[in-house]
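Structure first, commentary second.
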Amino acid sequence: MEISTANFTRDAGREFMTSVLVPRPVAWISTVAREGRRRPNLAPFSSVAPVCNKPPLLSFACGRKLDGSRKDTARNILETREFVVNFVGSELLHNVAVSVNGLDLADEFARAGVSPEQSKEVNPPRVFESLCSCECRLEQSIEVGAADCRVDLIIGRVVHICVRNLGWNSQSETSPQPFRGLGALGVDWYLVGGEATFQPELGTETNNDND
Ligand SMILES: Cc1cc2nc3c(=O)[nH]c(=O)nc-3n(C[C@H](O)[C@H](O)[C@H](O)COP(=O)(O)O)c2cc1C
C-alpha cells in the first residue's frame, strides 16, 4: 500500500505516528508555573527521544489544546526553562492514565497516586516512584506544524539524573540490563514487559560518526 501524506488530517497523522513509531517510552513530565502559586504540573508524554550524547540532550513534542493554546507543560517550560522527565515502569500504567487532563489547581501528583521528591538542580519535583528522573534545562524550543496542529518541539539539556530501579548505572561498561519501562504503542495500546534480545555483533547504536 502506498500512502501520500499530502492530504493527511491531524488524526491520520497521529494514527500513523503512534502506530508505526513504536514502542515509545512513557515519561511523566513535571513542571512548575512561573508564578509558583499553582501546584506542580504532571502529564504523560510518549514523544521523548534522544538527541545528543554530549551534552546529553533529549527532546519531546508538546502539541496544543483544541483552542490552539499551549498545554500547561509547554507553557511552564517556556516560562521557567526547567522540567523533569520521569521514566515510568509498567506497574504505573493506571497511574499514568488518571494523570491526563489534570485541572489547573489540582494536586496532580496526589491525583496520580505518586509522591513529589525534591530535585537536585531544578525547581520542578521528581516523581519518586519512577525508574529514572532526568532533570532538564530548556536548551531550545522550536515551533513546528500546520496552523491547526502547532507543536512545540522542546529540547532539554539533562543536568542531573536520578536512577532508581533501571538495571543501569553510570559504571555499567558492558551489557547494561534492558530498560524495563512502560512503552506506548498505537492509540490506547501499551507495552508491558516483553522480550529483550542481546545482539552485540550489531555494534553500538550511535548518532555521531566518530563515537
Ligand atoms: C501515554 C500518553 C502519551 C502522551 N504523549 C503526548 C505527547 O507526546 N505529546 C503531547 O502533546 N501530548 C501527549 N499526551 C497527552 C498529554 O498528556 C495531555 O494532553 C495532558 O493533558 C497535557 O497536560 P498539561 O496541559 O498539564 O501539559 C499523552 C498522553 C498519554 C496518556
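The values are calculated or read from the model by the stated rules, or taken from the named source; none is laboratory data. Predicted model, so just to flag it, every value in this text is computed and none were measured. Neighbour counts are summed over all protein chains in view; Cβ atoms, including those assigned to glycine, are modelled from backbone coordinates with ideal geometry.
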Report summary line: Restricting attention to segment 37-54, the residues that are touching a residue at least 60 places away in the same chain (Cβ under 8 Å) and part of a loop (DSSP other than H, G, I, E, B) number exactly 5
Query raised in the report: Among helices (runs of 4 or more DSSP H) lying entirely in segment 55-151, which contain 2 or more residues that are exposed (fewer than 15 other Cβ atoms within 10 Å of the Cβ) and not small (Gly, Ala, Ser)?
Result: 93-98
Requested in this report: Answer yes if at least one residue in segment 1-18 is in contact (Cβ under 8 Å) with a residue 40 or more places away in the chain and under 17 Å from residue 133 (Cα atoms), and no otherwise.
Outcome: no
Report task. For segment 150-174, enumerate the residues that are over 17 Å from the mean Cα position of the chain (by Cα) and modelled with pLDDT of 95 or more. Result -> 150
Query raised in the report: Is it true that residue 31 is among the hydroxyl-bearing types (Ser, Thr, Tyr) and either within 30 Å of residue 194 (Cα to Cα) or out of contact with any helix residue (DSSP H, G or I) (no Cβ under 7 Å at 6 or more places or on another chain) (or both)?
Result: no
Requested in this report: Among the residues of segment 41-64, count how many are more than 7 Å from the ligand (Cβ to nearest atom) and farther than 23 Å from residue 160 by Cβ.
Outcome: 1
Query raised in the report: Looking at this structure, is residue 19 within 30 Å of residue 118 (Cα to Cα) and under 19 Å from the mean Cα position of the chain (by Cα)?
Result: no
**Report entry** Single residue of 85, 96, 100 found to be touching a Pro at 6+ places or on another chain (Cβ under 6 Å) and within 12 Å of the ligand (Cβ to nearest atom)
**Finding:** 96
